[in-house]
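*Asks:* Below is a structure I'd like to ask you about.
The values are calculated or read from the model by the stated rules, or taken from the named source; none is laboratory data. Because the structure is predicted, anything quoted here is derived from the model rather than measured. Cβ placement follows ideal geometry from the backbone for every residue including glycine, while neighbour counts extend to all protein chains displayed. The area values use the complete protein model at the heavy-atom level, side chains included, leaving out ligands, DNA and RNA. Shrake-Rupley method; radii C 1.70, N 1.55, O 1.52, S 1.80 Å.
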Protein chains: 2
Amino acid sequence: MAIKTLSAKAAAALDKELMSTGAFSIDQLMELAGLSVSQVVYRVHPLNKGNRVLVACGPGNNGGDGLVAARHLRHYGYQPTIYYPKRSKSDLYQRLAKQLEDLDVPFVEDFPSALKSTDHIVDAIFGFSFSGEVREPFPAVIKALEETKLPVTSVDAPSSWNIEEGPPKSGVGSSFHPEFLISLTAPKPLVKHFQGRHFVGGRFVSPSIAKKYEFEVPEYQGLDQIVETSPTDQKL
Amino acid sequence: MAIKTLSAKAAAALDKELMSTGAFSIDQLMELAGLSVSQVVYRVHPLNKGNRVLVACGPGNNGGDGLVAARHLRHYGYQPTIYYPKRSKSDLYQRLAKQLEDLDVPFVEDFPSALKSTDHIVDAIFGFSFSGEVREPFPAVIKALEETKLPVTSVDAPSSWNIEEGPPKSGVGSSFHPEFLISLTAPKPLVKHFQGRHFVGGRFVSPSIAKKYEFEVPEYQGLDQIVETSPTDQKL
């Protein structure tokens, strides 16, 4: 039986639909997506086991999810540091960065140095809209993520992976295997190649939207904004 | 010793500051406020003890918090019904209502009838910006809330109460004493007159903003967006 996943194309259409007929604003969706990412980090890295978290943010929506997650993590008691080398000029991203600055969360420019003083990492560099080549300055960052022994939590996709095909066959990212992955709204086809602990977030999708895109809303428990599933769980 | 509360004027200034120098959008703040309201309901009304919840929404931001809370409650497994007689024409409120409609949450016009088929109530009619007289059609609604034996959770203020002085001395609302109250960001002076279980929500306030407005960020636990406190707790 096939795993129910969402292709890059379908994920883009779903996002567009949530913000048109679904009537969500991007602020709302990003807040809830980032909140779910923060809940995964909280679950896999209890606060007393190292609270320094390096959040690597890319230039698009995946990076925005990382910025929101970092804010929530700060409120939970973690000490986030942000690597955000290609800042978006859009108002929303500037506001998300300002919210972190107001909490005295540091932004750093030297990724390898930052890696030396963190306990774990959030990879919010590229999401479902990634395709093609990893652009500067991210190849060195992905390479550092491949080589580090620190645990990495990837948001929606291990950055550099092809959304449909998984890890690149060679070069940057070909041996990048994060420990944790949170799929937003629904897993993408690349989960077939993912071996770590897998979560789904996005507790805002209506059953009718899920039905239209041929996936099922996972069975969230209690107040959780995330649910842990096997990447090959038939229910997804 | 005085309780650290936020006057109506200070609460309005704080809200304005969060959305200007604080760089939050109203969509973000309302999402987090509504989420915290939903967590109070979840805590005081476990799902297996009656999951029908009637959410009474006023025309302003308090009503918006109620609409967001209702959506989260629906996702948790509650069966919300919305009473929202004075719909705001602003885009945000229309979108929040549409998000509920997409989840098949019913909107009703007859409040007394709705009261007969619910297990508990959220009062999101008026918040910290309320002053003066209760306008139509809300006097009958407040009266019904005074008379019902069902438990009520008020958002930021028991509706009809004066933000500084508490319950009106006579007339509509003078005997309205909800069981639960969630103060958003910080308690308002009216909490001195509140006898039920009291919560604070708003886990987005930075320590520097709290300091400026002379209150303390409460000690939230874990992932909680709320914290239960005594209304007269000196820490607030």
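*Asks:* Which value, in debye to the nearest 20, describes the size of the charge dipole of the protein assembly as shown about its Cα centre when Lys and Arg Cβ atoms bear +1, Asp and Glu Cβ atoms bear -1, and nothing else is charged?
*Replies:* With Lys and Arg at +1 and Asp and Glu at -1, about 80 debye.
*Asks:* Please give the FRET efficiency for residue A:20 paired with residue B:9, using the beta carbon to beta carbon distance and R0 = 35 Å, rounded to the nearest 0.05.
*Replies:* So, using R0 = 35 Å, E works out to roughly 0.35.
*Asks:* Here is a follow-up. Restricting to DSSP H runs of at least four residues, report the calculated mean residue ellipticity at 222 nm for chain A, -39500 (n - 2.57) per run over all residues, nearest 500 deg cm²/dmol.
*Replies:* Counting only the DSSP helices, I get -10500 deg cm²/dmol.
*Asks:* Normalized C-alpha radius of gyration of the protein assembly as shown, against 2.2 N^0.38 Å?
*Replies:* Ratio of Rg to 2.2 N^0.38 Å for the protein assembly as shown: 1.00.
*Asks:* Quick one: what Rg and Dmax do you get for chain A from the alpha carbons, in Å?
*Replies:* 16.4, 49
*Asks:* Run the numbers on chain B and let me know its relative contact order in percent, using alpha-carbon pairs under 8 Å that are six or more apart.
*Replies:* Answer for chain B is 21 percent.
*Asks:* Okay, next question. Got a sec? Which residues in the range A:62-93 would a label at residue B:91 touch, if it sits 7 Å along Cα→Cβ and we count backbone N under 15 Å?
*Replies:* Answer for this model: A:91-92.
*Asks:* Along the Cα→Cβ direction, 7 angstrom out, place labels at residue B:214 and residue A:52. What is the inter-label distance in nm?
*Replies:* It is 3.9 nm.
*Asks:* Also: Under a point-charge model restricted to the Cβ atoms of Lys and Arg (+1) and Asp and Glu (-1), what is the dipole moment magnitude of the range B:71-213 relative to its Cα centre, in debye to the nearest 20?
*Replies:* About 520 debye.
*Asks:* Express the accessible area of chain A per residue in Å², computed with a 1.4 Å probe while the remaining protein chains stay in the model.
*Replies:* 42
*Asks:* Now for a separate question. Along Cα→Cβ at 7 Å, what distances in nm separate the residue B:132 label point from those on the other copies, shortest first?
*Replies:* 5.8
*Asks:* Checking the table A:4/A:149; A:98/B:4; B:16/B:188; B:49/B:86 against a 20 Å threshold on Cα-Cα, which pairs fail?
*Replies:* A:4/A:149; A:98/B:4; B:49/B:86
*Asks:* So for the protein assembly as shown: antiparallel DSSP bridges make up what percent, rounded to the nearest 5?
*Replies:* Of the beta bridges lying entirely in the protein assembly as shown, close to 20 percent run antiparallel.
*Asks:* Please state, rounded to one decimal and in Å, the Kirkwood hydrodynamic radius that the range A:76-192 gives when every pair of distinct Cα atoms enters the mean of 1/r.
*Replies:* Final number for the Kirkwood radius of the range A:76-192 is 15.1 Å.
*Asks:* If we sort B:213-223, A:34-44, B:104-114 on the protection proxy, mean other Cβ atoms within 10 Å, highest first, what's the order?
*Replies:* Taking the mean over residues of other Cβ atoms within 10 Å, the ranking is A:34-44, B:213-223, B:104-114.
*Asks:* Report, for residue A:107, each distance to the same residue's label point in the other copies, shortest first and in nm; define the point 7 Å along Cα→Cβ.
*Replies:* Its label point is 4.0 nm from the equivalent points in the other copies.
*Asks:* Then there is this: Take every DSSP beta bridge whose two residues both sit in chain B, then give the antiparallel share in percent to the nearest 5.
*Replies:* Of those bridges, close to 20 percent are antiparallel.
*Asks:* Using label points projected 7 Å from each Cα along Cα→Cβ, tell me how many nm separate residue B:147 and residue A:109, to one decimal.
*Replies:* 6.9
*Asks:* Could you grab the relative contact order for the range B:119-160? Cα pairs under 8 Å, six or more apart, rounded to a whole percent.
*Replies:* In percent, rounded to a whole number, it is 71.
*Asks:* Let me ask something additional. Can you give me the distance in nm between label points at residue A:140 and residue B:101, each placed 7 Å from the Cα along the Cα-to-Cβ direction?
*Replies:* Going by the 7 Å Cα→Cβ label model, 5.3 nm.
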